[in-house]
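Colleague: I'd like to ask some things about the structure below.
Rule-based calculations on the coordinates, nothing more; no lab input. Given the structure is predicted, the values throughout are model-derived calculations rather than measurements. Virtual Cβ from ideal backbone geometry, glycine too; neighbours counted across all protein chains shown.
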Amino acid sequence: MKKSITITSILQSILTPEEVQNVVKEVDYEDKARKFTVTHLLHYWCTAALEQWDGYRSGVDHANRSGLPVVHYSCFSTKAAEVPFALFQELLHRVIHKCSRETRRKLTFPKELLLIDSTTVTVGKTRLP
């Protein structure tokens with residue numbers, strides 16, 4: 001019996017594909033793709049963040065092991081470039097809104113969230129709280 005839970009199954013219970021499509025319509029983005037939709041891109045990015053993929057090429061290689069549909073890396077990168085940032089910003093706000101009050105208080109940002117970056121910065125232990 002399989003006792004593991006993947007990030008995509010958790011994400012699908014929090015943000016349904018129908019809810020993602022509603023946000024796509026709200027942002028006025030037309031998703032023309034049939035094989036690689038915005039929902040697929042969201043699942044790719046969440047899995048990429050969790051597994052720390054090196055890039056689009058390596059991510060496509062890891063996708064099959066993660067239960068994601070296999071696409072060419074150029075399709076992945078093209079889709080990532082054309083989908084507006086406002087769409088994923090709204091999806092992040094919806095996920096945060098579905099969290100408990102205690103979790104939302106811990107996630108409060110002092111200013112509006114404009115960008116999420118995964119750059120690693122090395123600093124001394126005494127410089128950060």
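Colleague: Most exposed first by the Cβ proxy, i.e. fewest other Cβ within 10 Å, how do K125, K79, K98 rank?
Modeller: If I rank by nearby Cβ atoms, fewest first, I get K125, K98, K79.
Colleague: For a quick check: sort R94, R101 by the number of other beta carbons within 10 angstrom, fewest at the front.
Modeller: Ordered from fewest to most neighbouring Cβ atoms within 10 Å, R94, R101 come out as R101, R94.
Colleague: For the stretch 22-84, what is the convex hull (Cα atoms) projected area averaged across all directions, in square nanometres?
Modeller: It is 4.2 nm².
Colleague: Taking 0.36 nm per residue of separation and subtracting the Cα-Cα distance, what length does fully extending K32 through C99 add?
Modeller: So the extension gain works out to 21.0 nm.
Colleague: Give the order of H43, H97, H62, H72 when sorted by the count of other beta carbons within 10 angstrom, beginning with the fewest. Write out the running numbers ahead of the final one.
Modeller: Details: H43 25, H97 8, H62 16, H72 12.
Listing H43, H97, H62, H72 from fewest to most nearby Cβ atoms yields H97, H72, H62, H43.
Colleague: Oh, and also: Grab the other residues whose beta carbon is less than 10 angstrom from that of A86, score K and R as +1, D and E as -1, and report the net.
Modeller: The answer is -3.
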